[in-house]
1. I'm a student and want to see the number: the projected area of the Cα convex hull of the stretch 18-115, averaged over all directions, in nm².
2. Karplus couplings for the stretch 216-225 from phi (6.51 cos²θ - 1.76 cosθ + 1.60, θ = phi - 60°), rounded to Hz, Gly and Pro as x?
3. Hey, any idea what % of the chain's accessible area is carbon plus sulfur with a 1.4 Å probe?
4. Kirkwood-based Rg over Rh for the stretch 135-187 (C-alpha set), two decimals?
5. No other cysteine beta carbon under 4.7 Å away is the test; run it over the chain and list who passes.
6. Hey, what's the Kirkwood Rh for the stretch 173-235 if you take every pair of different alpha carbons, in angstrom?
7. Find the accessible area per residue for the chain; the probe is 1.4 Å, ligands and nucleic acids are left out, and the unit is Å².
8. Points 7 angstrom from Cα along the Cβ direction at VAL225 and ARG194: gap in nanometres?
Amino acid sequence: EAARQYGGKCFLRFDDTNPEKESAEYVAALREDLAWLGLEFDEEHFSSDLMPAFYRYASGLVKSGDAYVCNCTKEAIAENRFKKQACECRNNSVDKNWVLWEGMRNGETHKGEDILRLKADLNSENTVMRDPTLFRIIETPHYRQKDKYVAWPTYDFEVSIADSLTGVTHALRSKEYELRDELYYYIVEKCGLRKPVVYDFSRLNIHGTLLSKRFLKPLIEEKKVLGWDDPRLPTLQGLRRRGY
């Protein structure tokens, strides 16, 4: 509606950079549901197609000393972030980080061993800015890219780069991402990219039901409902089957 009102274009983009949670089934379902709503898009993008660019910009951050490879445990990272203190990995030399980063990209590192973190602001009151993760190892084959990549970007890194590179001028995101807006702009600035405008809108909740996929998916996997189109679910497929 915003694109129509201002004479712009609306993109359909699949932020598919977590192989463990993506599948061709979801892509097909989204296309079908959006068509049922009568929506048309000017362009269709897959973020996984931008992996070479994500690697390029991440490599630039490593070379400039703005990112480092960390091998601390999840528990240690959480504790350090809570205490606003650095770990030993933060003091790695650029050369050491580069060797470790190459190891991540080349598949020499396995899941849980190393992550690439942004060297941001550990003293920030916004906890999102306390050296967040940029890349992690996911060895699950991707539904489109197969085994081509094992080091995958987090949503925060991916969406910042993808928005800028694909020509997005206005990104509309729901309020649960509001604290992450600061990180979004920080990443774009550090990478020397064009800054889109981010608008935050209120999240939609409906009393008496759950809208999040993370809550609905277990119901389907445990066969407590008939599927994504079960008329008891608040999915578009469920509503359509219900007679809307």
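The values are calculated or read from the model by the stated rules, or taken from the named source; none is laboratory data. All figures in this text were calculated on a predicted structure; none of them were measured in a lab. All Cβ positions, even for glycine, are placed from backbone atoms using ideal geometry, and neighbour counts span all protein chains on display. Remember, those area values only see protein heavy atoms, side chains included, never the ligands or the DNA or RNA. Shrake-Rupley method; radii C 1.70, N 1.55, O 1.52, S 1.80 Å.
1. Details: hull surface 36.5 nm².
Seen from a random direction, the Cα hull of the stretch 18-115 projects 9.1 nm² on average.
2. So the J values, rounded to whole Hz, are 7, 4, x, 4, 6, 5, 8, 6, 7, 10.
3. Values: 7240 of 14180 Å².
Carbon and sulfur together cover 51 percent of it.
4. Numbers: Rg = 13.3 Å, Rh = 12.7 Å.
Here Rg/Rh amounts to 1.04.
5. CYS10, CYS72, CYS87, CYS191
6. Numbers: mean 1/r = 0.0686 Å⁻¹.
With all distinct Cα pairs of the stretch 173-235 included, I get 14.6 Å.
7. Values: 14180 Å² over 244 residues.
Solvent-accessible surface per residue comes out at 58 Å².
8. 4.0
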